[in-house]
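The values are calculated or read from the model by the stated rules, or taken from the named source; none is laboratory data. As the structure is a prediction and not an experimental result, all values here were calculated from the model. Please note: Cβ atoms are built from the backbone with ideal geometry, for glycine as well, and neighbour counts cover all protein chains shown. Ligands, DNA and RNA are stripped out before the accessible areas are found, and what is left, the full protein with its side chains, is counted by its heavy atoms. Shrake-Rupley method; radii C 1.70, N 1.55, O 1.52, S 1.80 Å.
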Amino acid sequence: MLDILELLAVIIGGGVLSLKLLAVWSHTRNAAHGIIKGKLAPNNSSPNSVCSEGETANINPLRVSDSDAWENLQDAIESLSGRFERIEHEYLHAVFKTPLWGFEDDLEARFDRQANLIHLRSASRVGYSDRGTNGRRVDSLKRILE
C-alpha cells in the first residue's frame, strides 16, 4: 500500500512541478507582436487566444463613442491586475498573470479612432488550450467599459 502512495506522490509532485516550470518559462516568452501592417497580429492556430482583427478574428472589437475610451480601457486593464509593458498613442501591451499557476498572458489593444473601435488580442504564452481564460478576460474588460 505504501508503494502505491509513494508512486502517486511522485506522479502528482512531478505534474505540479512540471506545471510550475511551464509557468516560469512563460515569463521568458512574449506573445505580443505589436502592430503588423496597421493591425494586430492574427490569432494563434491553437485555441489559447482571441483576436478581433484579421481573417482569424473570433471576437468583436469594442465599439466606442467616448473620447476617453482609450484611457478607460487602461483603467479597466489595471483593475483586472494587468501590468503595462508598452503604452502608445493607439497601441498598448499589457501582461496578465493567471492566479493559480502564475502563467503570463499578453493582451494587446489597437485604437482605430476613425472607426471608433478598439481591437483586442489576448493570447497565452505557452500551451495549447487556456480553457477560455483569454476570452473571459476580454469579456471582463468589455463589461467594465459598458
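Quick notes on this structure:
- Tally, over the range 47-58, of residues that are more than 13 Å from the chain's Cα centre (by Cα) and open to solvent by 20 Å² or more (accessible area, probe 1.4 Å): 5
- Note on the range 65-93: residues that are closer than 21 Å to residue 34 by Cβ and of a type in the set (S, T, N, Q) total 1.
- Against the list (1) touching a residue at least 40 places away in the same chain (Cβ under 8 Å); (2) open to solvent by 40 Å² or more (accessible area, probe 1.4 Å); (3) of a type outside the set (Val, Ile, Thr), the condition residue 78 fails is (1).
- Subset of the range 118-136 (residues that are open to solvent by 10 Å² or more (accessible area, probe 1.4 Å) and modelled with pLDDT of 95 or more): 119
- Cβ separations smaller than 6 Å between residues 6+ apart or across chains give the following pairs from the range 39-51 residues that are closer than 21 Å to residue 114 by Cβ to residues that are surrounded by fewer than 21 Cβ atoms within 10 Å (Cβ to Cβ): 41/33; 51/57.
- Of the residues making up the range 59-70, those that are out of contact with any helix residue (DSSP H, G or I) (no Cβ under 8 Å at 6 or more places or on another chain), without any contact (Cβ under 8 Å) to a residue 40 or more places away in the chain and open to solvent by less than 90 Å² (accessible area, probe 1.4 Å) number 1.
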